[in-house]
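The values are calculated or read from the model by the stated rules, or taken from the named source; none is laboratory data. Bear in mind that the values here come from a model prediction, so they are computed numbers and not experimental data. Please note that ligands, DNA and RNA were not included when accessible areas were found on the heavy atoms of the full protein model with its side chains. Shrake-Rupley method; radii C 1.70, N 1.55, O 1.52, S 1.80 Å.
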Amino acid sequence: AEWRAIPRVDGFTPESIAAVEALTTGIDGRINAALPFSNQAQVLTRLPEILASVDRSVIVTQAGILLLLVQFGVLAGYAVILVAALLLERRRTETALLRARGGGFGHLVSMALGEALLVTVPAVLAAPWAAALLVQAVRLNPALEGVGLETPLPGWSTFTVAIIGGALAILALTIPTLLSGAPIAGVRAAVGRQVGRTLPQRLGLD
């Protein structure tokens, strides 16, 4: 007697591939142990090879997504550092003038912190929802129709990551004001000298 079995692929998940592959490997012994008397069965299947190939594909896909997320993180960090460097360059004269007019350390910190909060808090509140909309836009792609991509609403973990990123951004936007503590005479001399500055820097194209 010969039977042909077809697995239900709709029940497969990336987490269950390894378990199903292990169960398929030892299916001969379990079937023969359940058969009466001396009846023996022989199982011919390529399912373990197919599952191993699928497992490798899942790992490659997850690695590609992780690499993309790392690239987004590096790009976001570079943007924050660039803004902080620009603030440090542009605020030297303003900070020196405030110090010359009696502005203390607390005044400068409060002003820089308020500006950082004004820029960062709306971004922290909008980022999780923008991410959900981006996933929704990806899900509407006809090429990904059968993947089963879901777009859940932002949860606490998403907002936690946004808050951590916002805190780092606030810190990066506040530090340049603390570092720009040069006296007004030195700042004016540095701004007046154009030695070592390229034409794009003089025009403010950076």
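Averaging 1/r over each pair of different alpha-carbon atoms in region 48-105 and inverting the result gives 15.5 Å, the Kirkwood hydrodynamic radius. Summed over the residues of region 25-75 and divided among them, the accessible surface reaches 82 Å² per residue at a probe radius of 1.4 Å.
Using heavy atoms of the protein chains and a probe of 1.4 Å, the accessible area assigned to residue 56 is about 140 Å².
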